[in-house]
Amino acid sequence: MQGDSSDDSSWPLAPGDDDQPSVALVGRQLKLWRTAAGLRVPNFAKSMGYSADLVYKIERGARIPRPDYLDKADRVLNAGGKIAAMAEDLESARYPKKVRDLKRWEDEAVELGSYENHNLHGLLQTEKHMRALYEMRRPAYTAEEVDLRVSARMARRSIFNRAPVPALTFVQEEVTLRRPIGGRMVHRRQLERLLEVGQLRNVEIQVMPTDRDDHAGMDGRIQLLKFGDGSIVGHSMSQYGSRPVEDPKLIQVLELRYGIIRAQALTPRESLAFVEKLLGET
């Protein structure tokens, strides 16, 4: 029998997020289908081409089966597509709860506004830029953790393909554009990505020059997500910690700060010209 191929056919649960109802439910369903087919774990594992240990882990909800595992199980158990369809229920289950919540908000938002003073906003990053950021993290992530986080961030980029399109505004500190994360070629591609996204009609990217002597963003990053029902979720690490806020009084403070920051930054047109200049110098 083959060795444990869990790295190729399953994902780990996100660290500290071991209470995943959808993962446990899929595991139970797989076990029911296997039992109904009269297959014991060793026989089923052999038919699947995976180890019995992996089958046990998936059935008890300790690992998340990838779509290829579900496709094979569907064929082996003659499920007629019912098992393969479970992949949809696990699409975001492998991501940490914080990321799942953020993507859900971004999927529902009609407007997103962000000020970033340390990193490029995740939605603006190229895949190689993301990977370089995660790989330089200390203490270091494992290769699997890096892949997980890159995949989660890439999944969020679906916001650019939504219809109707949301209004997206980003204010970036100049230093976030100058720091050559990942090296020169990765940096060049990142600047090109900013120019591409900045041309979209629903996107405005602004640069906050380092030489500004009056700056409303000195308290740190801000994010505001506005929804069709008029509700708003805000986030400011320095003011309110890592928790999202919905209290109208707190939101009012964030909106005030963000509005002033946008007024103090370069205009979107000036900002794209600034990015083009940086690209020419890189």
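Considering only the stretch 244-253, I want to know if a residue exists there that is touching a Ser or Thr at 6+ places or on another chain (Cβ under 9 Å) and polar (S, T, N, Q). Taking every residue of the stretch 244-253 in turn, none turns out to be touching a Ser or Thr at 6+ places or on another chain (Cβ under 9 Å) and polar (S, T, N, Q). No other residue among Phe227, Phe170, Phe160 is closer than 22 Å to Gln264 by Cβ and surrounded by 12 or more Cβ atoms within 10 Å (Cβ to Cβ) apart from Phe170. A search for C-beta distances below 8 Å between a residue of the stretch 170-186 that is within 17 Å of Arg262 (Cα to Cα) and any residue that is loosely packed, with under 14 Cβ neighbours inside 10 Å, counting only pairs 6+ apart in sequence or on different chains, returns Glu173/His118; Glu173/Thr210; Glu174/Thr210; Val175/Thr210; Thr176/His118. Among the residues of the stretch 153-193, the ones that are among the hydrophobic types (A, V, I, L, M, F, W, C) and over 18 Å from the mean Cα position of the chain (by Cα) come to 10 in all. Entry remark, the stretch 122-168: residues being aliphatic (A, V, I, L, M) and out of contact with any helix residue (DSSP H, G or I) (no Cβ under 8 Å at 6 or more places or on another chain) number 8 in total. For the stretch 202-213, state whether one or more residues are surrounded by fewer than 17 Cβ atoms within 10 Å (Cβ to Cβ) and closer than 15 Å to Leu112 by Cα. Within the stretch 202-213, one or more residues are surrounded by fewer than 17 Cβ atoms within 10 Å (Cβ to Cβ) and closer than 15 Å to Leu112 by Cα. Within the stretch 141-152, one or more residues are under 20 Å from Glu192 (Cα atoms) and in contact with a Lys or Arg (Cβ under 7 Å, 6 or more places away or on another chain). Taken over the stretch 66-103, residues that are in contact (Cβ under 8 Å) with a residue 24 or more places away in the chain, over 21 Å from Arg156 (Cα atoms) and in contact with a Gly (Cβ under 9 Å, 6 or more places away or on another chain) amount to 1.
Scanning the stretch 100-133 for residues that are in the same structural domain as Val275 (by TED's automatic domain parsing), more than 14 Å from the chain's Cα centre (by Cα) and not charged (D, E, K, R) turns up Ala109, Val110, Leu112, Gly113, Ser114, Tyr115, Asn117, His118, Asn119. Of all residues in the stretch 249-271, those being under 12 Å from Met208 (Cα atoms) and of a type outside the set (Ser, Thr, Tyr) number 9. The combined condition, being assigned to a helix (DSSP H, G or I), assigned by TED's automatic domain parsing to the domain that holds Lys103 and of a type in the set (Ser, Thr, Tyr), is fulfilled by Thr176. Of the helices (runs of 4 or more DSSP H) lying entirely inside the stretch 80-171, the ones with 1 or more residues being more than 18 Å from Trp11 (Cα to Cα) are found at 97-108, 127-135.
Met237 fulfils the conditions (1) at pLDDT 95 or above; (2) under 25 Å from the mean Cα position of the chain (by Cα) except for a single criterion, (1).
The values are calculated or read from the model by the stated rules, or taken from the named source; none is laboratory data. Since this is a predicted model, take the numbers as computed values, not measurements. In this analysis, Cβ positions are derived from the backbone assuming ideal geometry, glycine residues included, and neighbour counts consider all displayed protein chains.
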